[in-house]
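The values are calculated or read from the model by the stated rules, or taken from the named source; none is laboratory data. Just so we're clear, the structure is a prediction, and the values are computed from it rather than from any experiment. Here the Cβ positions follow ideal geometry from the backbone for every residue, glycine too, while neighbour counts run over all protein chains shown.
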Amino acid sequence: MKLTSESTLFSGLTTRFIGAVVALLLLDGIACYLTASHFANLVYDRWLVDSTRSLAQALRVVNGEVTIDLPQAALQIFRFDEVDRTDFRVSTLKRGQIAGDNHLPALSSKADGSVQLVTVNVRNEPRRVVTTRINEPAADDVATVEVGETLHKRSTLAAEILLAMAAPQLGLLLVALLLTPFAVARGLQPLTTLAGAIELRDHENLAPVPELNLPREARVLAAKINELLARLERVVSAQRRFVTDAAHQLRTPLAAIMLYSERAARAEDRESAEQALRGLQSSVARAARLSQQLLALARAAPDAAAGSALSAIDLVGLARGVGEEWIPRALERKIDFGFVAPESPVIVAGNPGLLGELMSNLIDNALRYCGPRSRVTLSVAATPAPALAVEDDGPGIPEEEHGKIFERFYRLSGSNAEGCGLGLAIVKEIAAAHRAVTRVSSGRGGRGICFTVEFPATLQAG
């Protein structure tokens with residue numbers, strides 16, 4: 001049975017249970033009928049067998065011929081029955097029928113005194129017939145005794161037995177049907193309690209639902225609900241943090257924009273206006289950069305990145321394309337920007353947009369903190385695992401701060417480079433989404449800094 005959108009779990013389970021009980025009742029009714037018929041036949045078959053043997057004992061051999069020695073009164077008693085009709089026939093091979101009724105069919109059987117029971121139609125009425133054949137050596141003949149009876153008493157007895165068996169079972173069925181709603185409701189009580197606990201919550205309560213004192217099936221459901229609540233909590237927390245970070249970080253450039261706008265409007269000479277406009281332009285660029293980084297950080301968050309499809313990507317080709325976009329910036333700052341990669345492709349499974357953002361943030365970070373005539377190198381390696389690295393020979397980062405630089409809005413003390421402190425946080429989030437490991441080490445010769453992103457070999461496509 002298929003549940004519709006208006007059905008409830010309670011009604012569905014109740015209907016299925018009642019259907020199963022009714023089906024079992026039908027099967028049980030068939031079994032009871034067969035059982036009742038079997039025992040009714042067993043009782044009256046024994047009576048027919050006894051009657052047949054009693055007639056066989058009345059056979060006599062007189063002057064070499066088989067006869068039956070049975071008084072007429074005894075035959076009348078034998079035939080008497082208020083419900084069924086009883087017929088018999090005695091015959092021999094030599095003489096044919098010697099007593100009884102000639103309408104009973106001639107049935108074959110072994111001449112060893114054994115009995116055979118069959119149900120046949122006699123005059124369009126079913127009858128149970130018992131046949132036995134007896135070899136009479138003294139008469140050099142074989143006698144056959146047949147006794148037949150209609151089936152009315154058997155049907156009546158079978159019906160009585162069936163009624164006696166069915167009555168208590170029908171009672172038990174009625175009790176089961178009456179108790180079904182209570183049993184189903186009792187079985188669904190854990191789900192009802194769980195649903196009630198969730199229904200009473202407001203939209204801000206994302207705490208896990210209790211899993212104790214629940215049956216296994218309900219615990220599985222509660223565990224899945226808690227997993228969903230945990231994901232929602234992470235998403236909501238990320239959204240709240242994003243809004244808080246955006247409001248906090250955009251406040252300064254927006255205030256500067258308002259300040260320089262007012263200065264430009266009140267400027268009394270061209271030089272003051274141009275100075276205010278330059279400050280306004282710088283503040284707008286800073287706000288735009290900050291907005292871009294905040295959006296990139298939101299896209300790189302674990303729950304957002306998890307929905308991004310991973311595909312086979314040539315890390316060499318992607319790095320070369322991203323690196324070419326930063327060549328003008330490097331030339332502008334008089335920085336030697338190099339690229340090192342193997343000739344063959346290095347294939348990893350990843351999202352090209354996110355990995356491009358990761359590379360751009362590492363390159364931008366190196367170009368910002370390196371002075372003129374510094375060297376920045378973007379490299380790709382295939383062994384021992386697929387990896388990309390950005391290395392510079394700038395001032396470097398103190399080792400004790402290596403674990404802090406990936407925090408949001410963290411800035412090195414004493415640094416004069418412009419930045420919003422989100423670039424490395426974005427790198428960390430994107431690497432985590434690709435199950436890659438980010439390492440920080442000193443550059444060659446102990447100068448500068450080197451950021452390495454190493455991808456797991458299991459993600460490498462062949």
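Below is a table of values for the structure above.
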quantity: Selection count where residues are exposed (fewer than 12 other Cβ atoms within 10 Å of the Cβ) and at pLDDT below 80, scope region 4-35; calculated: 4
quantity: Residues of region 69-89 that turn out to be more than 19 Å from ASN102 (Cβ to Cβ) and either in contact (Cβ under 8 Å) with a residue 24 or more places away in the chain or among the charged types (D, E, K, R) (or both), as a count; calculated: 5
quantity: Count of residues meeting criterion [under 49 Å from the mean Cα position of the chain (by Cα) and over 16 Å from VAL440 (Cβ atoms)] in region 360-377; calculated: 2
quantity: Candidates GLY338, GLY356, GLY371 - the one that is of a type outside the set (Val, Ile, Thr) and touching a strand residue (DSSP E or B) at 6+ places or on another chain (Cβ under 9 Å); calculated: GLY338
quantity: Test result for ALA166, buried (at least 16 other Cβ atoms within 10 Å of the Cβ) and within 30 Å of VAL62 (Cα to Cα); calculated: no
quantity: Criterion violated by VAL66 - all others in (1) in contact (Cβ under 8 Å) with a residue 40 or more places away in the chain; (2) under 26 Å from ARG127 (Cα atoms); (3) not in a helix (DSSP H, G or I); (4) not small (Gly, Ala, Ser) satisfied; calculated: (2)
quantity: Selection status of GLU199, surrounded by fewer than 12 Cβ atoms within 10 Å (Cβ to Cβ), within 25 Å of GLY12 (Cα to Cα) and either at pLDDT below 80 or not hydrophobic (A, V, I, L, M, F, W, C) (or both); calculated: yes
quantity: Selection count, region 333-358, where residues are under 34 Å from the mean Cα position of the chain (by Cα) and over 14 Å from PRO386 (Cβ atoms); calculated: 4
quantity: Leading residue by the ranking (farthest from ASP393 (Cα to Cα)) among those in region 285-322 that are at pLDDT 85 or above and within 38 Å of the chain's Cα centre (by Cα); calculated: ALA312
quantity: Criterion: touching a residue at least 40 places away in the same chain (Cβ under 8 Å), surrounded by 19 or more Cβ atoms within 10 Å (Cβ to Cβ) and at negative phi - qualifying residue of THR156, THR144; calculated: THR144
quantity: Of all residues making up region 136-168, the number that are under 19 Å from PHE88 (Cα atoms) and part of a helix (DSSP H, G or I); calculated: 3
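Matching residues to (1) of a type outside the set (Phe, Trp, Tyr); (2) under 60 Å from the mean Cα position of the chain (by Cα); (3) under 24 Å from LEU174 (Cα atoms):
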{"site": "GLY29", "(1), (2), (3)": "yes, yes, yes"}
{"site": "GLY64", "(1), (2), (3)": "yes, no, no"}
{"site": "LEU70", "(1), (2), (3)": "yes, no, no"}
{"site": "PHE78", "(1), (2), (3)": "no, no, no"}
{"site": "VAL83", "(1), (2), (3)": "yes, no, no"}
